[in-house]
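Trainee: One structure follows; several queries about it will come next.
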Amino acid sequence: MPGPLRPYGLTCEHRVTPLGLDEPRPRLSWKLADDRRGQRQSAYRLRLATDDGTNLFDSGVVTSEETLDVVPGEVSLGPATRYTWRVTVWDADGTEGETAASWFETGLLRPSGWGDAEWIEHDPTAAPALEPPAADPHPLPERLATCPGARLMRKVITLRDNPVRARLYVAARGLHRVTVDGLRVGDDELSPGWTDYRHRVLYQTYDVTEALGAGRHVLGALLVDGWWSGYLGFDQRRPAEHYGARPQLIARLEVEYADGGREVTVTDSSWCETAGHILHSDLLMGEVHDARHRPEGWDRAADFDASGWSPVRVAGRDHATLLGALDEPVRVTETVEPVASRHLPDGRLILDLGQNLVGRIRLTVRGATSGTRITLRHAETLDDDGELYTANLRSAEATDVYITAGRSVETFEPVFTVHGFRYAEVAGHPDVTVVAQVMHSDTPMVGEFGCSDADVNRLWSNVRWGQRGNFVSVPTDCPQRDERLGWLADAQVFAPTACYNADVQAFFSRWLLDVTDGQSARGAFPDVAPALDRPVINREGAPAWGDAGVLLPWLLYRVYGDRRTLERCFDAMTRWIDWIAEGNPDRIWRRRVGNHYGDWLQVDALTPRDVLATAYFARSTTVVADAAEVLGRAAEARTYRKLVTEIRAAFQTEFVSDDGMVEGDTQTGYLLALAFGLLPDHLVQPAADRLASAIRRAGERLTTGFVGVSLLCPTLSRHGRDDLAFALLRQTEYPSWLYSVRHGATTVWERWDGYTDHAGFQAPSMNSFNHYALGSVGEWLYARVAGIAQAEDSTAFTDLVIAPAPGGGLSFAEACYDSVRGPITTAWSLDDSLFTLDVSVPPGARATVHLPLPSGSDGSAVREGGVALDDAPDVTVAPVVEGGELRCQVGSGTYRFTVPFRTPGQED
Ligand code: BGC
């Protein structure tokens, strides 16, 4: 018996069962499943209760199709409380479906919830508690040697009974890892992540109920510099006081007993600390562990002799910046074994992991005598001599060192560092085993793509690996060299692809706080977020970079229906536009001073900077006007609409000739003008033709940089040139996506010429092999090659456009995208005589399916599920044939369309 309608995939604030939420009005969402066609929710009932079953809210039966971001009334939530919620749904016919339940738990909710908790830190004026380790006879890499090690902090507590509930709230200005009785709590890495610490430090909430019982326990914490005071970006100065001089920890443990009693432990002057076995630690430089110096039992034994330890220094009680974590943390999500290894005559071992990845190595050492020093170096590629190629890491040492304690088997993994690498060198001991641990922000992966071209599949995989490796707490440019900054344009051009690959709603909406935090008083968005005070990275306002502050909230609204983020960013968005408008009264954005990266890393085709800047000025202003309309801000909508008209007119007068030539005559110039709607109607086709000629002139190759490339294939498709888009996609000569694939790339390179047959490696000063920006073509693979897209005016994938492009010599393509409404899948194949398209649409969505027709066909031979469309259930044929295709509409469900066809070029 098919049906009923079933809710599943329940989320709160776009996370599954979040713990420690500080959002006073959390949004609840669910997906729907139903085997029947044409299903949707006609009504829902939402109930919210406390964990003990006290009902707080009952929406009653609400007639609504809404499944996203439903806020349970005006309920006022208490701190540190678990709430359960249940949703019941009614199907399209009004029949009651199933009920599903989930929970969320609030955090401390207000800064005052931290009570007496103090920030604690190492006191540099205290006498060194322990003998410093003896000087190492083998000097360490210079910059690694300048990095301080981890501080070990501990506190012994005594519980009078077994708790019924215990929560540990922890944050650091720096990075922390916390233990209870020697056991790590949580599986998060690099916590609390990177935010603009001047404004916000996220805290983690751990359920430690199971870890605690009546009696004595040891709370332990490792604390290091991390993003707070470690090496950051390309700033090579020490001490690196980007946000503060040294790391600090804050924690609060709340324990509840069955009799209702409560006990609270906080960080304060009663904690003690020392230096330990992690002698040096830094995100960029690496980590040095000396296992001989691990104070055995420090984190486990309540009677451990800590008499040599120092009291911590109390560094204040500022709780104002603390906020419960807003997105999934960095985690280890996969381990990768080497695919090849090579022993060198001098004893070194070179390992190939087969994949350029981001994370760390876990090393197992056997039979090493105490004090054996094992050095791990990392690189993305090898040089011609088969040695690690590390020149492109710039000043990042990317070196981990382990000094053994002398046990028969020892394992080592660094704690607070990440490297971008495919190859590793192990020196110092012959009997070692190595695996790589892949680390990244644990955004749920939601997209899959495949087609008949193995190189294109590798490209898709490279794009996805690039996303995983570069989404490490913030969206970074690259994971290996001394940079790893949240450059706004990189994120902006790649974000549409990122949304297909993973559910990045919580990730990006959290990062947008850093983007708006970094906005200058004048209204300029920073070029990198989180912003930094140090002048070396203190840049702002670059065209196409700062625009991320406008384009990303809009993208989240479009993809996820996230209206709240749009509302929260709206003022910042308008301030950005106002700042540009004030400085450019003639509506041409002339950026004569400051930074302007243009079409960064284009290939011999300099798009005039004013063209690029003004086009972005128009695009962002259009988005602000659209956002104003969505948010019901009519006056602002009018103001910005008028401004768009002025910018368009200025763009046309200044840069567009009567025959459709855009100044500079570059691919990117045409792409900007076409994609952002800057041309008068009569010049659209001429400009599209000029774009096509520019591509042909270049030998069917691209010349675009970071900015143009994201528009390339989508714009060609929109203007009827799938043929050229495919030609670029499948081009294998330099410059092209597949050039890197054919040269063994397993991630997307920073530049088209990262390595070329004619010139070898590009200058090492800027040559990352793992940069996601040029991978922005991923969006087009999903949206056009596989055909999963939404209509221009649709949000949250409600109105789908399933318009796959059977072209470029591909014989099949398929994709699955688990949208906020549930999985959307397409799979098409084309053989000598038949085009077949399988589609599935989740309940609550509807789709217009575009089916290519052979020339002259009236569409009557098209079948769905083997029957003529007129007879196929739940398929509506819209005005039959348009532009060589047949369009029809379907509701939710699974469909198989067939079109008798001939492959292009096939003779009658
Ligand atoms: C980064 C880029 C960034 C650019 C700004 C580079 O160093 O790696 O990805 O967008 O600077 O032009």
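The values are calculated or read from the model by the stated rules, or taken from the named source; none is laboratory data. Please read these numbers as outputs of a predicted model, since none were measured by experiment. Here the Cβ positions follow ideal geometry from the backbone for every residue, glycine too, while neighbour counts run over all protein chains shown. Keep in mind that these areas ignore ligands, DNA and RNA; they rest on the heavy atoms of the full protein, side chains included. Shrake-Rupley method; radii C 1.70, N 1.55, O 1.52, S 1.80 Å.
Trainee: For segment 362-385, which positions are under 33 Å from the mean Cα position of the chain (by Cα) and exposed (fewer than 15 other Cβ atoms within 10 Å of the Cβ)?
Mentor: Step one: of segment 362-385, the residues under 33 Å from the mean Cα position of the chain (by Cα) are 362-364, 375-383.
Correct list: THR364, ASP383.
Trainee: Right, another one. Looking at ALA427, ALA489, which one is within 14 Å of the ligand (Cβ to nearest atom), in contact (Cβ under 8 Å) with a residue 12 or more places away in the chain and either open to solvent by 10 Å² or more (accessible area, probe 1.4 Å) or under 22 Å from ASP196 (Cα atoms) (or both)?
Mentor: Numbers: ALA427 fails: within 14 Å of the ligand (Cβ to nearest atom).
Unique residue meeting the criteria: ALA489.
Trainee: Please work out if LEU32 is more than 29 Å from the chain's Cα centre (by Cα), part of a strand (DSSP E or B), at pLDDT 95 or above and not charged (D, E, K, R). Give the derivation first.
Mentor: Numbers: more than 29 Å from the chain's Cα centre (by Cα): no; part of a strand (DSSP E or B): yes; at pLDDT 95 or above: yes; not charged (D, E, K, R): yes.
No.
Trainee: Mind listing whichever residues of segment 315-344 are small (Gly, Ala, Ser) and surrounded by 17 or more Cβ atoms within 10 Å (Cβ to Cβ)?
Mentor: Correct list: ALA315, GLY324, ALA325.
Trainee: Scan (1) outside any strand (DSSP E or B); (2) touching a residue at least 40 places away in the same chain (Cβ under 8 Å); (3) over 18 Å from VAL456 (Cα atoms) for the single condition GLU792 breaks and write down its number.
Mentor: Only one criterion is unmet by GLU792, namely (2).
Trainee: Filtering segment 583-617 down to residues that are in a helix (DSSP H, G or I), open to solvent by 20 Å² or more (accessible area, probe 1.4 Å) and closer than 15 Å to THR666 by Cβ, which residue is farthest from the ligand (Cβ to nearest atom)? Talk me through it step by step, then tell me what you get.
Mentor: So in segment 583-617, the residues in a helix (DSSP H, G or I) come out as 583, 609-617.
Still in the running and open to solvent by 20 Å² or more (accessible area, probe 1.4 Å): 583, 609-610.
When the remaining residues are screened for being closer than 15 Å to THR666 by Cβ, the result is 609-610.
Numbers: ARG609: 13, ASP610: 17 Å.
Filtering first and then ranking leaves ASP610.
Trainee: Related question: So, in segment 76-98, exactly how many residues are at pLDDT 95 or above and either assigned to a strand (DSSP E or B) or among the polar types (S, T, N, Q) (or both)?
Mentor: Narrowing segment 76-98 to residues at pLDDT 95 or above: 77-98.
Narrowing the set further to residues that are either assigned to a strand (DSSP E or B) or among the polar types (S, T, N, Q) (or both) leaves 81-90, 95-98.
Total meeting the criteria: 14.
Trainee: Going by the structure shown, is PRO526 touching an Asp or Glu at 6+ places or on another chain (Cβ under 6 Å), open to solvent by less than 10 Å² (accessible area, probe 1.4 Å) and within 14 Å of the ligand (Cβ to nearest atom)?
Mentor: Values: touching an Asp or Glu at 6+ places or on another chain (Cβ under 6 Å): yes; open to solvent by less than 10 Å² (accessible area, probe 1.4 Å): yes; within 14 Å of the ligand (Cβ to nearest atom): yes.
Spelling it out, PRO526 is indeed touching an Asp or Glu at 6+ places or on another chain (Cβ under 6 Å), open to solvent by less than 10 Å² (accessible area, probe 1.4 Å) and within 14 Å of the ligand (Cβ to nearest atom).
Trainee: Looking only at segment 296-314, count every residue that is open to solvent by 20 Å² or more (accessible area, probe 1.4 Å) and assigned to a loop (DSSP other than H, G, I, E, B) and tell me the total. First the steps, then the outcome.
Mentor: Filtering segment 296-314 for residues open to solvent by 20 Å² or more (accessible area, probe 1.4 Å) gives 296, 300-309, 311, 313-314.
Narrowing further to those that are assigned to a loop (DSSP other than H, G, I, E, B): 296, 300-309.
Adding up the residues that qualify gives 11.
Trainee: Residues of segment 745-774 being away from the ligand (no atom under 13 Å from the Cβ), open to solvent by less than 20 Å² (accessible area, probe 1.4 Å) and touching a Pro at 6+ places or on another chain (Cβ under 8 Å), which ones?
Mentor: TRP752
Trainee: Would you mind finding the one in GLY787, GLY807 that is more than 22 Å from ASP562 (Cβ to Cβ) and modelled with pLDDT of 95 or more?
Mentor: Values: GLY807 fails: modelled with pLDDT of 95 or more.
The match here is GLY787.
Trainee: Starting from segment 545-573, keep only residues that are within 18 Å of VAL474 (Cα to Cα) and away from the ligand (no atom under 16 Å from the Cβ), then list their pairs with residues that are open to solvent by less than 10 Å² (accessible area, probe 1.4 Å) and acidic (Asp, Glu) whose Cβ atoms are within a distance under 8 Å, requiring at least 6 positions of separation or different chains.
Mentor: PRO553/ASP562; LEU556/ASP562
Trainee: Could we say that ALA251 is assigned to a strand (DSSP E or B) and either within 16 Å of the ligand (Cβ to nearest atom) or among the small types (Gly, Ala, Ser) (or both) here? Give the steps one after another, and end with the answer.
Mentor: Values: assigned to a strand (DSSP E or B): yes; either within 16 Å of the ligand (Cβ to nearest atom) or among the small types (Gly, Ala, Ser) (or both): yes.
So ALA251 passes the test.
Trainee: Need the failing condition index for GLU864 against (1) acidic (Asp, Glu); (2) touching a residue at least 12 places away in the same chain (Cβ under 8 Å); (3) out of contact with any strand residue (DSSP E or B) (no Cβ under 8 Å at 6 or more places or on another chain), just the number.
Mentor: Checking GLU864 against (1) acidic (Asp, Glu); (2) touching a residue at least 12 places away in the same chain (Cβ under 8 Å); (3) out of contact with any strand residue (DSSP E or B) (no Cβ under 8 Å at 6 or more places or on another chain), the one that fails is (3).
Trainee: Also, quick follow-up: Given the condition more than 16 Å from the ligand (Cβ to nearest atom), among the small types (Gly, Ala, Ser), within 28 Å of THR179 (Cα to Cα) and in a strand (DSSP E or B), answer yes or no: does some residue in segment 436-444 qualify?
Mentor: Of segment 436-444, the ones more than 16 Å from the ligand (Cβ to nearest atom) are 436-444.
Next cut, among the small types (Gly, Ala, Ser) only: 436, 441.
Filter once more, so that each one left must be within 28 Å of THR179 (Cα to Cα): 436, 441.
Within this subset, residues satisfying the condition of being in a strand (DSSP E or B) are 436, 441.
Yes - at least one qualifying residue is present in segment 436-444.
Trainee: Scanning for something within 29 Å of ASP400 (Cβ to Cβ), in contact with an Asp or Glu (Cβ under 7 Å, 6 or more places away or on another chain) and outside any helix (DSSP H, G or I), does segment 533-541 turn up at least one residue?
Mentor: yes
Trainee: Could you say which residue among VAL777, VAL801 is assigned to a strand (DSSP E or B), away from the ligand (no atom under 16 Å from the Cβ) and either touching a residue at least 40 places away in the same chain (Cβ under 8 Å) or touching a helix residue (DSSP H, G or I) at 6+ places or on another chain (Cβ under 8 Å) (or both)?
Mentor: Unique residue meeting the criteria: VAL801.
Trainee: Moving to a separate point now. Given the criterion open to solvent by less than 20 Å² (accessible area, probe 1.4 Å), more than 26 Å from SER509 (Cα to Cα) and without any contact (Cβ under 8 Å) to a residue 60 or more places away in the chain, identify the matching residue among LEU223, LEU212. Show your work before the answer.
Mentor: Numbers: LEU223 fails: without any contact (Cβ under 8 Å) to a residue 60 or more places away in the chain.
Selected residue: LEU212, the only one of LEU223, LEU212 that is open to solvent by less than 20 Å² (accessible area, probe 1.4 Å), more than 26 Å from SER509 (Cα to Cα) and without any contact (Cβ under 8 Å) to a residue 60 or more places away in the chain.
Trainee: On to the next question. Just give me the residues in segment 451-472 being open to solvent by less than 10 Å² (accessible area, probe 1.4 Å) and away from the ligand (no atom under 11 Å from the Cβ), in sequence order. Spell out the reasoning first.
Mentor: To start, the set of residues in segment 451-472 that are open to solvent by less than 10 Å² (accessible area, probe 1.4 Å) comprises 451, 456, 459, 462-463, 466-467, 469-471.
Listed by number, the residues that qualify are CYS451, VAL456, LEU459, ASN462, VAL463, GLY466, GLN467, GLY469, PHE471.
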